[in-house]
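The values are calculated or read from the model by the stated rules, or taken from the named source; none is laboratory data. Worth saying up front: this structure is predicted, and the values here are computed from it rather than measured. Every residue, glycine as well, gets a Cβ built from its backbone with ideal geometry; the counts of neighbours run over all protein chains shown. To get the accessible areas, we keep the full protein, side chains included, count just its heavy atoms, and leave off ligands, DNA and RNA. Shrake-Rupley method; radii C 1.70, N 1.55, O 1.52, S 1.80 Å.
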Amino acid sequence: AALRLSSLPEGMDLEPQRSRPGLSSAMPLHAAPVADLPEPANGAQFSAAPEDEDGEGGQARLQDQDQERLQADAAAGTAAGTAAGTAAGTAAARRRFPGAALAAGLLLVLALAQAVITARNELAVQFPMLKEPLAQWLQPLGLKVELPRRYDAVTIESFELQAGEAVAGEIQPYLAQALLRNQSSHPVQWPAIELSLTDPAGQLLARKVLLPADYLAGESRETGFAARSERTVRVRLGLNQITPNGYSAVLFYP
């Protein structure tokens, strides 16, 4: 094959290649070949390497996570152990004391019976149909079903003590008169009256207790003091060698 030389463009001269400073003219210049990198196996892709977890920050995070996990496991174990222990203790107690439930029931019945005995009078008034059964039930115990005693419902509205005509050689007679009131909604027992006599200096001279049998002479006391009612009672007294200047009267249940 013939070698063909083409003409250079006009104005371009061929000159020998000058050597660049610092380079040897004897060393030819050429590009270094680029070595091909091996292909990743199975099509794997290369990515940036993750942050090293073995550093101080990673170790601290791992320790915190382990600590939280241990605390959660401990709490769950404690709750489960407590529930299991309670259930086991209850079952063991039942096995050791088979009569515990029976004893508890018996105590409950005794407490209810005590409450009924204490409030028997009030129950008989509020529920008259219970009076006879209660009386029969309590008779072997020596207890009675009576009208209730209401300290807060019975009051003394007025009281007077008047001297009668004196007779030579006899005890000075007095007439005591009181107005009683029952504010309760049901009958109650008749109260007693405590009469205190004092001298001009306020010193106690004598004390006298007037029972329902004294001021209700000849009247039945079984029906009691009627609900929401008033009653004037009178009692004659004899005072020997006593001239009271003052007096006071209070109600009470013996």
Charge-dipole axis of the stretch 143-207 as Lys and Arg at +1 and Asp and Glu at -1 on Cβ define it, positive-most pick from Ala163, Asn182, Leu205: Asn182
Average accessible surface area per residue within the stretch 97-254, 1.4 Å rolling probe, Å²: 65
Carbon/sulfur fraction of accessible area - the stretch 117-254, other protein chains in place, 1.4 Å, %: 49
Residue-wise HN-Hα coupling along the stretch 218-225, computed from phi with Karplus coefficients 6.51, -1.76, 1.60 (Hz; x: Gly, Pro): x, 10, 6, 9, 5, 6, x, 7
For Leu239, distant residues with modelled amide H under 5 Å away: Gln172, Tyr174
By average C-beta atoms within 10 angstrom, highest first, the peptides 151-159, 184-192: 184-192, 151-159
Cα-based Kirkwood hydrodynamic radius, the stretch 123-242, one decimal, Å: 16.9
Loop-located trypsin sites (Lys or Arg not before Pro) in the stretch 173-231 whose Cβ has at most 16 other Cβ within 10 Å (DSSP): Arg221, Arg228
Extended-chain gain in nm, criterion 0.36 nm per residue less alpha-carbon gap, Glu222 and Gln136: 29.1 nm
